Each structure stands twice: as structure tokens, then as C-alpha cells.
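The values are calculated or read from the model by the stated rules, or taken from the named source; none is laboratory data. It should be emphasised that the depicted structure is a prediction, and the values quoted were computed from it without experimental measurement. Neighbour counts run over all protein chains shown; Cβ positions are idealised from the backbone, glycine included. These accessible areas exclude ligands, DNA and RNA; they are computed on the full protein's heavy atoms, side chains included. Shrake-Rupley method; radii C 1.70, N 1.55, O 1.52, S 1.80 Å.
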Amino acid sequence: MKQTCTFLLLLFLATYQLNAQDAKMKTFIDGLMKKMTTEEKIGQLNLVVSGYVPTGAVMSEGVEPKLKNGQIGGMFGFHDPTRMKQIQKVAVENTRLKIPLFFGLDVIHGHKTIFPIPLGLSCTWDMGLVEKSARIAAQEATAEGLNWAFSPMVDIARDPRWGRISEGSGEDPYLGSQIAKAMVKGYQGDDLTKNNSMMACVKHFALYGAAEAGRDYNTVDMSRSTMYNYYLPPYKAAVDAGAGSVMTSFNVVDEIPASANRWLLTDLLRNQWGFKGFVVTDYTAVMEMSLHGLGDLQQVSTLALKAGVDMDMVSEGFLNTLKKSLDEKKITMAEIDLACRRILEAKWKMGLFDDPYRRLDESRPAKETMTPENRKASREIAARSFVLLKNDNQILPLKKSGQTLAFIGPFADNHRDMLGTWVIAGEWEKSVSVMEGVKNASPQSIILSAKGSNITEDTSFIHRLNFYGQKMVAIDPISPETLMRTALETANKADIIVAVLGESQSMSGESSSRTDIGIPKEQRRLLEELVKTGKPVVLVLFTGRPLTLEWEQEHCAAILNVWAPGTEAGNAIADVLFGDVNPGGKLTTTFPRSVGQIPLYYNHKPTGRPYNGEYQTKFLTNYLDSPNEPVYPFGYGLSYTTFSYGDVKLSKTNLKGNETLTASVTLTNTGKMAGEETVQLYIHDPVASISRPVKELKGFQKIMLKAGERREVSFRISTEELKFYNKDLKYDWEPGDFDIMIGGDSEAVKIARVNWVK
Ligand code: BGC
């Protein structure tokens, strides 16, 4: 009773304080807005790029005079506290109303200390680590003057041709939602006004990951039910977690570009979800709507404002046309006021009006970025993101002594490609290469290495990869024949060959869609020759997306997928290869056999002609020339130890209403070393008013077990886990039978059935 009273009192005080804060903010902003001219209000809605990271064809011009005239609300594209301090000084000392600026950047997987690419990070299934990576990123980014991260990217993606699959958390809405929350918490911390907190920006709202044919910026066409049940949950989770801003996507949603879609930005985001922050467009998305066929710049700018966009990134459609539209009565002052208020509120919540320089302390970068602790965290998180795809005869872990090991491939002695896509502040020169990591592990084994092949020899492909004239991929002056010969000579001296192959940094990420998602052919040829030596070949795979690995799965003794691991790449890889860390990563995307199977994802709907495992059978849903199964399913990943699952035990088999169910399995570590397993819970609703997927992830737990140890792992299931959006988009559960499945991946599950009535 006493406890309840204390709790209620605290709740009352917190609510009172919040209301008092809101009232204070309102008074302040009301006062400020009274002083603002229409032009100054529109100025707050303008976000300009100024720096060295344009992500489109257009760069902002005349930034300085605009700044002085109060025509800029925020800037992005650089991370230099000295320069930012000068700019902020102009904004708060030399403009009429002294309104501070936002400084944004694509802080995607770390800032200076780089963590695994988001797709890799998601394979940790560890929300503590995900949050920690975002917290460190915020600490470092705010040390360099930033107050706004264009992250998390929470777009569900089922198409590995799409290069930006690397930037998200894979194909599952449940896991994606957990990660979205953890990232927002990590960036924003517990108090947005702190000098190490930055505002998160959830992107790309919405459905960007469903671009047709996996081609970036392409159109999207989707039913409302698919949106609500599969694609929208992670955005909503980020909004529920308090994300301060949302970025629109480039694609259409229901035929209307996201940035002009009032249903999306106002009805759904604000009215249904209760979003209180501000909406910014993606890069030049306002002006691109003209190319979508919605009218000239003035027209698309009015559409965007009316739809609920508050800030225009780079197009300057708001800056240059809103006043005219106001004069022509195409928009109202109230619409401009609303957008302006939302930007000012966000600045207020970030504490910028109290102290515009709170994140502009030039002494911080030296003390707070790339610290040994941050590098240590990056190493630990990277090792936990690796997915062991195959390990025949326990060839891994490698022995530290008594063996000759040959590390062969263009990624063995490579720093450039360790960091992956979107690393604006990260310095690849400071990354640890695989060879360095292996040597740091000081093995007594003999370590040899050779490059073996170029990443690719296709010069037009290289031209695309080296965008903006950067030399990211180059052809070695040594001839391909000599590279290959030297590699085979080296390989022949070894007991075990470690082939270090895959995709380079710019092969995934924005504007990096591929129609062939195999290991580039020069590297694949090298792998074939290495396999022909008859020695066991361990493949260490760098990639930003699922690749087609049927041949590799058949011919390599082991495959360790390391994605793009970040600053500590080589050390983390050595940790896992030599067994100091037992890998426990699990895939968050399906790895198809071929591009022809795409889209291939685990939570698909049943059909009336179910696949029976035999692809030759006529009139069933299958192919003439390929099995339906992927090479590796969602949730899959091995360990150096093995786990066995007992049958699913249910606390009850008949439930009613709001009762809860406990489903458990006995998990046993049946191998010879300690290891961590991600136990996954899936549910299937076999009879419902709409066709429901064959299974859906509804829970997971990471369980560490010593060799031989056994543990009961239990999930509490309530009707929350049974809910879905029905044909009227009502979120509810329907009574009947449910299959409860628990296992180590989406295919290897044990099943039990319950009946649950209302
Ligand atoms: C990308 C966004 C990014 C923005 C700013 C765009 O091209 O789609 O993800 O945040 O550029 O750099």
C-alpha cells in the first residue's frame, strides 16, 4: 500500500513537472514566434547541406548570407566543433532573433569508432549491445558538435538486391521494433538536454525497403494490411520510444510520394501514433516530387507542408516558394506556424535555447572519441555480430599453434573495407585489418598471406564503386595471373586456407543495388582454385547484404560471415577464428540460393498449393529449376558448441481471455565449450479472418550455457503476442488454435498447440 502511494505520488510529480515544462516551452515559443516574420518562420523550415558528404546531385548554395538572414534552421554534412561553434555564433549573435541551429549528420553505426553495419549489429540480437553502440556513437558525435543523428534506419527489407538492406535490421518487424527502440534510447539517452544526447531521426518513413526489384529509389506498391502487419511496426516502435524526428522516404506510399502523403505524415504518424516531434524530408525529396509528376516546385512544396512536413532537406522549395503560396492563399499562416513551432520545440527540448554551445566544446573530441574503451566495445560487439554459417568437422576454431595458416584474398590485408557503408567520420586508416588482428592474437602457428585476386576487374563497375572520384577499389598493378599463382603457392604450404573474400565497402549502401549478389567473379574463381588444392578452406566473408552462397556452402569447410565489422575488424575476427570468442550471431535476413527466388523471407503467407519439399511436383507452389528453400534461413547461425532443444511444454493447452501462457523448452549445451544460444519463439495462427503467415517471431532470449549445462527457457505469452491488424486494420486477436514454436532458427523449431478463447 505504502509502495503504491509512493509510486502514485512520484507519477503525479513527474506528470506535473512535465506539464510545467510543456507550459514553460509554450510560453517561450509563443513569445518568440510573436516576434518572427513570415520569412524567419520559413527560414526555420530550411535544412541545408554544407560539407563534404552530399548524398544527391544538388548542393546548397549561398549558405552564409542565408544564415545571417535567419533563413536556415539546421545544417548537416560536417562534424567539426570549431567550425560549428563559429556558425552557431553567427546564428545566435548575428541574426535578428538569435535562434540556434541544429547540426545533423548520418551517424549510422558509430561516429569515429565504427561498429558493425546495422545489418550485422542486428545479428547480435542483443538489445544491450545495440543500445550501447548508439550511446557511444552519441557520445562521440556530440563531442564533435552534432546534436541530431539521421538514424535509426528501420526499413524492413526482404530484397537483398537493395544495397540499403545493409543499413537496417533485416526482414522481421518484431526484432526490428526492439532494435528501433534500443537505438532511439541509445542516441537520446535519458535526458535530451544533456551534452552527450542527440536527437534521433527515424527513417525512411515509410516502406522504403520495399522498393520494387530492389532498385534504390524505386516505387513501392503495398496493401495496407502488409504495411501495418510487417513494414510499419519498427517506425511505430521508434516513435513510441520518443524519437524526436522522423525522415520521409523517397518512394510513393499508396501512389503518393511520402513527402506529400497527408495520410502517412498526419493521419497515421500524428493522429494515430501520437508523434510529437518534427518531420524532415529526405535529401531533395521535395523537389524530386516534381519528377514523380506532382507539379512544379511551388506546387510540391505546398503539398509537402500540407501533408505534415516541417523541414525541407536541401530542396529549398519551402524557402523559395512558401511565401508566394501564402500570398496566393494556397497555404495558410497556421500551416507555416505549426511547422515552425515543431522545429522550435525540438530545439527547446534539446536545450539549445538555454545554451546553444552545450555540445560545442572543442576539448571533447580528443578526450571522448576513439577511446580505448570505445574501441574495446566495438571489438566485442563486432565479434558478437558474426554469423557462423558452416563449420564442418569443427575446423574452427583454428589452433593458435602447430598449424600453417594461409590467409588469402583481397580483404586479408585491407583497411579500406573494414568499416562498411555510411562512415562519414570514421577513418578507415585507423581500422584493424584481418592480418593485423591475426598477428595481434600472437599465434604460434605459421601465418602466411597473399592477395590472390582483385576485388573486381570490371572497370565500369569499379567506376561506379569509386563515386565522387574516391579510390575505393583499384586494380592491382600486379597481373591477375601472378596474383593467383602466388596465392596458390602460398596456399599449398598451408594446413588450412582462410579465404577472406566478399563485397567491398561501396558495393552495398545507398544507390548500390546489385542484380547479381554472388561473390564477385574474380574472387569466386580464386575460391574455386583454393578449393581445388584439396585443403580445407575456411571462408571469412565480408558483405553488406545476404549473398547467394550455394556453391560456397557446398565446397568450403567453414564459413564465417563477418559483414563489415568496423574499426576493430581484424581483432574481432581473430577473437572468433581462434576461439577466444565463441560466435553466436544469428541471421536477421534470409540468404536465398539465387536472385530468382527473391523476395524470399521466413514470415511468408501459406498458399493453397503448399510446397512439399520436392520442387519437381507439378501444380504446387515451386520452381521447375530450384528448391524453394533458402541456403540459410532467418534466425540461423551456428556456434562452436552445439545445443539441443527438448519438446515445447505449455503451462496450459486451453486458455481464456487475458490469461497468460508459459511455453518452455529445455535447452542443453551438448558440445564441449561454453556458448550462447538465441532461443526464438514463433507463433502461427492457423485459422483467422485473414490469411496469417506460416510463423512470426514473437520473442527471443539469449542464453549462455557451459558445456553440458541445461536450462529451462520459458516465454510468457499473452494475447498481445496473438494480435494482428485485420482487414479493417483493427489490431486484435481472434480466438482459436495457435501453434507455439520454439527453436534455434526459423526452420528448426519444436511445436505445440494451444486453444485460446475470448
Ligand atoms: C539518404 C538518407 C540520409 C540523407 C542525408 C539521403 O540520400 O537517403 O538516409 O540521411 O541522404 O545524408
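Ordered from largest to smallest accessible area (heavy atoms of protein chains, 1.4 Å probe), the residues 684, 555, 463, 204 come out as 463, 555, 684, 204.
Could you give the angle, 0 to 90 degrees to the nearest 10, between helix 81-93's Cα long axis and the longest principal axis of the Cα atoms of the chain? So the helix axis and the longest Cα principal axis differ by about 20 degrees.
Would you mind telling me the share, in percent, of accessible area of segment 553-596 contributed by carbon and sulfur at probe 1.4 angstrom? After summing per-atom areas, the C and S share lands at 40 percent. Charged side chains reduced to their Cβ positions (Lys and Arg at +1, Asp and Glu at -1) give segment 330-385 a dipole of some 280 debye around its Cα centre.
Computed extension length for residue 23-residue 471: 155.9 nm, one decimal, from 0.36 nm per residue of separation with the Cα-Cα distance subtracted.
As a calculated quantity, the FRET efficiency between residue 273 and residue 85 at R0 = 51 Å, using C-beta atoms, amounts to about 0.90. In terms of the mean number of neighbouring beta-carbon atoms within 10 Å, the peptides 144-150, 578-584, 604-610 order highest first as 144-150, 578-584, 604-610. List residues of segment 174-202, by number, whose backbone nitrogen lies under 18 Å from a label position 7 Å along Cα→C-beta of residue 363. It comes to 195-196, nothing else.
Couplings for segment 603-609, taken from phi via the Karplus curve 6.51 cos²θ - 1.76 cosθ + 1.60 with θ = phi - 60°, read 8, 7, 7, x, 10, x, 10 Hz in order; Gly and Pro are left as x. Using heavy atoms of the protein chains and a probe of 1.4 Å, the accessible area assigned to residue 42 is about 0 Å².
In segment 643-757, the portion of solvent-accessible area held by carbon and sulfur atoms comes to 49 percent [1.4 Å probe, whole percent, DNA, RNA and ligands not counted]. If R0 is taken as 41 Å, the Cβ-Cβ distance between residue 555 and residue 254 corresponds to a FRET efficiency of 0.35. Relative to a virtual label point 7 Å from the Cα of residue 660 in the Cα→beta-carbon direction, which members of segment 714-730 show backbone nitrogen distances below 12 Å? Under cut-off, by backbone N: 715-721. Residue by residue, segment 333-341 carries 3J(HN,Hα) couplings of 4, 4, 5, 5, 4, 5, 5, 4, 4 Hz when phi is fed to the Karplus relation 6.51 cos²θ - 1.76 cosθ + 1.60 (θ = phi - 60°); x denotes Gly or Pro. Whole-Hz Karplus values for segment 636-642 come out as 7, x, 9, 9, 6, 10, 10 Hz, taken residue by residue from phi with 6.51 cos²θ - 1.76 cosθ + 1.60 and θ = phi - 60°; glycine and proline positions read x. For the residue pairs 652/695; 376/439; 68/323, the alpha carbons lie no more than 23 Å apart in every case. Based on protein heavy atoms only, the chain ends up with 39 Å² per residue of surface accessible to a 1.4 Å probe. Rg and Dmax over the alpha-carbon atoms of segment 643-757 stand at 15.2, 52 Å.
Peptides 242-251, 465-474, 721-730, 518-527 ranked from most to least packed by the mean count of surrounding Cβ atoms within 10 Å: 242-251, 518-527, 721-730, 465-474. Among 406, 583, 553, flag the residue with its Cα farthest along the positive direction of the charge dipole of the chain, charges on Cβ as +1 for Lys/Arg and -1 for Asp/Glu. The listed residue farthest towards the positive side: 583. Solvent-accessible area of residue 593, all protein chains in place: 60 Å² (probe radius 1.4 Å, heavy atoms, ligands and nucleic acids excluded).
Distances between placed amide hydrogens fall under 5 Å for residue 204 paired with 154, 155, all partners being 5 or more residues away or on another chain.
Out of 365, 322, 305, whose Cα points farthest toward the positive end of the dipole of segment 255-389 (charges: +1 Lys, Arg; -1 Asp, Glu; placed on Cβ)? About the Cα centre, the residue reaching furthest to the positive side is 365. Distance between the modelled labels on residue 732 and residue 704, one decimal in nanometres: 4.5 nm (7 Å Cα→Cβ projection).
Spatially, segment 621-678 and segment 74-117 are offset by 46 Å when compared through their Cα centroids.
Near the amide H of residue 148, within less than 5 Å, lie the amide hydrogens of 103, 105, 199, all on another chain or at least 5 residues away, with H placed in the peptide plane.
Would you please give the FRET efficiency between residue 460 and residue 482, computed as 1/(1 + (r/R0)^6) with r the Cβ-Cβ distance and R0 = 35 Å, to the nearest 0.05? FRET efficiency, residue 460 to residue 482: 0.90.
For the chain, the spread of Cα coordinates along the three principal axes comes to 78, 69, 59 Å, biggest extent given first. Sorting 367, 451 on solvent-accessible area from highest to lowest, probe radius 1.4 Å, gives 367, 451. The calculated 222 nm mean residue ellipticity attributable to helices in the chain amounts to -9000 deg cm²/dmol, summing -39500 (n - 2.57) over DSSP H runs of n ≥ 4 and dividing by all residues. Each Lys and Arg adds +1 at its Cβ and each Asp and Glu adds -1 at its Cβ; summed about the Cα centre, segment 372-597 shows a dipole of about 260 debye. Within the chain, DSSP assigns beta bridges of which about 50% are antiparallel (rounded to the nearest 5).
Counting only the backbone N, which residues of segment 70-84 are under 12 Å from the spot 7 Å out from the Cα of residue 94 toward its beta-carbon? It comes to 70, nothing else. Descending by average beta-carbon neighbour count within 10 Å, the peptides 529-537, 322-330 line up as 529-537, 322-330, the highest first.
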